[in-house]
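Engineer: Have a look at this one before I ask anything.
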Amino acid sequence: MYPWLQPTFSQLSSRISANKLHHALLLQGADGIGKDIFALTLAKLLLCQDRQGEQTCGRCQSCKLNASETHPDLYKIESEKQIGVDLVREAIKNLTGTAQMSGAKVLIIYRADSMTESSANALLKTLEEPTDNTFLLLITEKPESILPTILSRCEKQVLPSPSLENTLDWVKQHHQGDIDENFARLFVGRPLTLLDELQQEQSFNYQDFITGIQGVMTGNLNAIQLATDWQSHTGKVIKWLQAWVKQSYLSTQKEGFWRINLLCIAALKKLKNPGVNKTLTLAELLAALANFESN
Ligand SMILES: [Zn+2]
């Protein structure tokens, strides 16, 4: 388990051993801290037929099936878009049947905040009257987007983000080569995201990025020209820009940074649509930065 999630994992494991784990957990925490792995590891522990404290045995039939990702009592709901009611109904139907391995049944719902209202309503009954030995693990970065009726029936577990120091310690163990601390600061508390960024091809680097946005903010560079220069890196630039304005807001409390942060989040969502003009989307953000007003 990741070191920053270990205390929570140990605590939940001991409740599993004592048969006192709540049947529905809402695992909430920031992007890039390893929530999905946390949920999956917890699910495997619940399913293991011979667990030793917080360790799975690795030998039982359940562990073998989990190793090949074919456990018949582990269900997952994951969707790039909104989670529709059909997905939820199908999962509930599976959960209400008898466990095929005669042990626990587990349902993991990734990005639980993307459930539609009817999906959430379809889930309510299962949350209220769970069948025996059935566990639901809901994962979210945005608990505020989940219906209160769902929230009130789950036990909330806030998964912590590591400090900058702990982020760097961990990332250095997994990444060869130098790490620019200013760049790392953009992803403070999000070690998995930082590692992912570091391991990508470095044809566009942090220094180019900072020089560019400072140029736009001081009026020395033109937003449209820069967006055109950066057109093959739009996704990366907008992701970095969002992290940069967010950190800038946290350190200066200038509302203007927060407004641009929200624009970046909307832009990142927009980029998922095929056919969107990426360069134009970036140019609009850079123009907002050029017209930056601090309050
Ligand atoms: Zn096992």
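The values are calculated or read from the model by the stated rules, or taken from the named source; none is laboratory data. Given the structure is predicted, the values throughout are model-derived calculations rather than measurements. In this analysis, Cβ positions are derived from the backbone assuming ideal geometry, glycine residues included, and neighbour counts consider all displayed protein chains. Ligands, DNA and RNA are excluded from the accessible area calculation, which covers all protein heavy atoms including side chains. Shrake-Rupley method; radii C 1.70, N 1.55, O 1.52, S 1.80 Å.
Engineer: From Asn94, Asn19, which residue is on the phi > 0 side of the Ramachandran plot and more than 15 Å from the ligand (Cβ to nearest atom)?
Structural biologist: Answer to the check: Asn19.
Engineer: Only one of Glu78, Glu69, Glu117 is modelled with pLDDT under 95, acidic (Asp, Glu) and either open to solvent by less than 20 Å² (accessible area, probe 1.4 Å) or within 16 Å of the ligand (Cβ to nearest atom) (or both). Can you tell me which?
Structural biologist: On the way: Glu78 fails: either open to solvent by less than 20 Å² (accessible area, probe 1.4 Å) or within 16 Å of the ligand (Cβ to nearest atom) (or both); Glu117 fails: either open to solvent by less than 20 Å² (accessible area, probe 1.4 Å) or within 16 Å of the ligand (Cβ to nearest atom) (or both).
Checking each option against the conditions leaves just Glu69.
Engineer: So, one more: Do you know which of the residues in the stretch 25-44 that are in contact with a strand residue (DSSP E or B) (Cβ under 8 Å, 6 or more places away or on another chain) and hydrophobic (A, V, I, L, M, F, W, C) is farthest from the ligand (Cβ to nearest atom)?
Structural biologist: Per the criteria, the residue is Leu26.
Engineer: Continuing with this model, one more query. Which one is least open to solvent (accessible area, probe 1.4 Å), of the residues in the stretch 220-249 that are among the hydroxyl-bearing types (Ser, Thr, Tyr) and closer than 12 Å to Thr281 by Cα? First the steps, then the outcome.
Structural biologist: At the first step, the residues of the stretch 220-249 found to be among the hydroxyl-bearing types (Ser, Thr, Tyr) are 228, 232, 234, 248-249.
Okay, now just the ones that are also closer than 12 Å to Thr281 by Cα, so 228, 234.
Working: Thr228: 58, Thr234: 6 Å².
Selected residue: Thr234.
Engineer: Hey, any hits in the stretch 101-108 for a residue that's surrounded by 12 or more Cβ atoms within 10 Å (Cβ to Cβ), within 16 Å of the ligand (Cβ to nearest atom) and part of a helix (DSSP H, G or I)? Please lay out each step first, then the result.
Structural biologist: Initially, the stretch 101-108 is screened for residues surrounded by 12 or more Cβ atoms within 10 Å (Cβ to Cβ), giving 101, 103-108.
From the residues that got through so far, the ones that are within 16 Å of the ligand (Cβ to nearest atom) too are 101, 103-106.
Still in the running and part of a helix (DSSP H, G or I): none.
Among the residues of the stretch 101-108, not one is surrounded by 12 or more Cβ atoms within 10 Å (Cβ to Cβ), within 16 Å of the ligand (Cβ to nearest atom) and part of a helix (DSSP H, G or I), which makes the answer no.
Engineer: While we're here: Determine if the stretch 1-19 includes at least one residue that is surrounded by 13 or more Cβ atoms within 10 Å (Cβ to Cβ) and over 22 Å from Pro160 (Cα atoms).
Structural biologist: Checked the stretch 1-19: at least one residue is surrounded by 13 or more Cβ atoms within 10 Å (Cβ to Cβ) and over 22 Å from Pro160 (Cα atoms).
Engineer: Still on this model: Between a first residue in the stretch 15-43 that is without any contact (Cβ under 8 Å) to a residue 40 or more places away in the chain and a second residue that is among the acidic types (Asp, Glu) and surrounded by fewer than 20 Cβ atoms within 10 Å (Cβ to Cβ), which pairs have beta carbons less than 9 Å apart while being 6 or more apart in sequence or on different chains?
Structural biologist: Every condition considered, the pairs that remain are Ile16/Glu54; Ser17/Glu54.
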